[in-house]
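Trainee: Provided herewith is a single structure, encoded as structure tokens, for subsequent inquiry.
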Amino acid sequence: MKEAFMKKIPFLLVISWYALTAQIDTSFINSLYRYYLTQSACYASLKELCYDIGHRLSGSSQAARAVKWSYYMLKNYGADSVFLQPVKVPHWIRGKKEQCRVWLNGEKTQRNLKVLALGGSAGTEGIMSLPVIRVNSFDELEKKGREEIEGKIVFYDVAFDDALISQGEAYGKAVKYRSRGASMAAKYGAKAVLIRSMTSARDDEPHTGMLNYDTAVCKTKIPAFALSYRGADSLSSWIRNNKVKKIELFSECKTLPDTLSYNVIGEIKGSQYPEKIILVGGHLDSWDVGHGAHDDGAGIVQSMEVIRAFKKLNYKPKHTIRVVCFMNEENGLRGGYAYADETQKKSWKHIAAIETDAGGFTPRGFGIDTTSGLFSKIFVYRDMLEKYLIQYLHNEGGGADIGPLEKLGVPCIGFIPDNQRYFDIHHTMADTFDKVHKRELELGGAAISALIYIIDRIVE
Ligand SMILES: [Zn+2]
């Protein structure tokens, strides 16, 4: 009887069952979810960050206020210690509202298109008035060469690949035109670039985001702007029908000297292994439009809430739980590098680093890298996590801010919420508090806390 019974149960299942009962208190995970859905401060904190501080680009006075705010929040949440880690950050300012006016053949008035200068872009130094040329790839740009490009505005008419299931993948495929497009076009003598915004949303919202001048490609730094999806559609059709006479562009943005800012770090000391750290973090800075609510206010309040939740539920972690509010993810990643530098200098030992920076949407799962066998250790709990909407555990993960830690061999994990609507509002005026759904935000926070609890229990 016993033998027959054993034959029906795969060996691995028996092992995982023992692992579950031996180390994981499922009722604690239940109470974590109950706490997040009924008592957590995630949503109220996000409201405060969005409305009392607002967007907070590195180097701005709002970013400085966000540093103070998160410091006091972590103290209030009961962190055993809170400290600031100095970071020198770039200080780019947008200046007056940008303009893009398109003059069409045979028309007496111009068509105004909504634009946002890309982060880090140079200004136009007055109004720039030039013909435009449309390209749909770097290959096409190269083929046209200096002969056709010189003295013009280059319009990269490259949209998200709608056939891809993951919007993150579509972003990854198209974003090179935002980051490298200006230097690539300047190499052939272009004077400015326009890009189609990094989104699949058919609306009139331009999306900013970082551009990186590559001085190895071209020393000249030309201005760069994003058009909304609909604006790009209009321009595309006007150009293809030979209707455009010229385009006028205006922007005043510029880069000021670097400014001193901080990563904000709070922690609960581990009861058994205080020297071993489980890190969770998001980024405190945002672009200078909207509220930076999903990107990454949501990640900040989810990370901070881990401390509040564990304190309220009287959970004493074996390892140190460290919350890091990184500064300057958007336009420099200096916070991530500063943290990794100090990790090396002080020989901090991390058993895992989790990043939440993909929006406050319904949780889907985690990308977990395989360093130290972390993925297979967590994968055992897949069935148990499924009822909490964690249906996706992928053996590859990380994030921008924890990227430098990954290079030091720290096992890294990226929180994965549903991303179908993230790029509708990403880096736009529309990334505001009202776009964040209370329960979705809380479920994401609970998933992160539950994962931290599991890691704390199963890793020595
Ligand atoms: Zn972000």
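Trainee: Go through (1) touching an Asp or Glu at 6+ places or on another chain (Cβ under 9 Å); (2) crowded, with 16+ Cβ neighbours inside 10 Å; (3) closer than 28 Å to Gln420 by Cβ for Asp161 and report which single condition fails.
Mentor: (2)
Trainee: Between Glu275, Glu305, Glu267, which is of a type in the set (Asp, Glu), more than 13 Å from the ligand (Cβ to nearest atom) and more than 26 Å from the chain's Cα centre (by Cα)?
Mentor: Details: Glu305 fails: more than 26 Å from the chain's Cα centre (by Cα); Glu267 fails: more than 26 Å from the chain's Cα centre (by Cα).
Just a single option satisfies the conditions, and that option is Glu275.
Trainee: Still on this model: For region 279-299, name all the residues that are more than 10 Å from the ligand (Cβ to nearest atom) and under 14 Å from Gly54 (Cβ atoms).
Mentor: Leu284, Asp288, Val289, Gly290, His291, Ala293
Trainee: For region 74-94, how many residues are part of a loop (DSSP other than H, G, I, E, B) and either without any contact (Cβ under 8 Å) to a residue 24 or more places away in the chain or surrounded by fewer than 13 Cβ atoms within 10 Å (Cβ to Cβ) (or both)?
Mentor: Of the residues in region 74-94, 0 are part of a loop (DSSP other than H, G, I, E, B) and either without any contact (Cβ under 8 Å) to a residue 24 or more places away in the chain or surrounded by fewer than 13 Cβ atoms within 10 Å (Cβ to Cβ) (or both).
Trainee: Related question: Considering only region 405-420, state which residues are surrounded by fewer than 21 Cβ atoms within 10 Å (Cβ to Cβ) and away from the ligand (no atom under 15 Å from the Cβ).
Mentor: Within region 405-420, Glu406, Lys407, Leu408, Gly409, Asp418, Gln420 qualify.
Trainee: Just give me the residues in region 345-380 being among the small types (Gly, Ala, Ser) and either within 16 Å of the ligand (Cβ to nearest atom) or buried (at least 20 other Cβ atoms within 10 Å of the Cβ) (or both), in sequence order.
Mentor: Selection gives Ala352, Ala353, Ala358, Gly359, Gly360, Gly365, Gly367.
Trainee: Could you tell me which residue of region 56-68 is surrounded by the most Cβ atoms within 10 Å (Cβ to Cβ), considering only residues that are in contact (Cβ under 8 Å) with a residue 12 or more places away in the chain and out of contact with any helix residue (DSSP H, G or I) (no Cβ under 6 Å at 6 or more places or on another chain)?
Mentor: Quick first cut of region 56-68, residues in contact (Cβ under 8 Å) with a residue 12 or more places away in the chain only: 56-60, 63-67.
Now drop any that are not out of contact with any helix residue (DSSP H, G or I) (no Cβ under 6 Å at 6 or more places or on another chain), which leaves 57-60, 63-64, 67.
Values: Leu57: 24, Ser58: 29, Gly59: 27, Ser60: 21, Ala63: 24, Ala64: 17, Val67: 20.
Filtering first and then ranking leaves Ser58.
Trainee: How many of the residues in region 201-227 are under 20 Å from the mean Cα position of the chain (by Cα) and in a loop (DSSP other than H, G, I, E, B)?
Mentor: Result for region 201-227: 8.
Trainee: Give region 316-338 a look and list any residue that's surrounded by 22 or more Cβ atoms within 10 Å (Cβ to Cβ) and in a loop (DSSP other than H, G, I, E, B), or say none.
Mentor: Pro317, Met327, Asn328, Glu329, Glu330, Asn331, Gly332
Trainee: Which condition number does Glu396 fail, the rest of (1) farther than 21 Å from His319 by Cα; (2) away from the ligand (no atom under 15 Å from the Cβ); (3) assigned to a strand (DSSP E or B) being met?
Mentor: With respect to (1) farther than 21 Å from His319 by Cα; (2) away from the ligand (no atom under 15 Å from the Cβ); (3) assigned to a strand (DSSP E or B), Glu396 is out only on (3).
Throughout, read-outs are computed from the coordinates displayed, never taken from laboratory work. Keep in mind it's a predicted model, so treat the numbers as computed, not measured. Backbone-built Cβ (ideal geometry, glycine too); neighbour counts: all protein chains shown.
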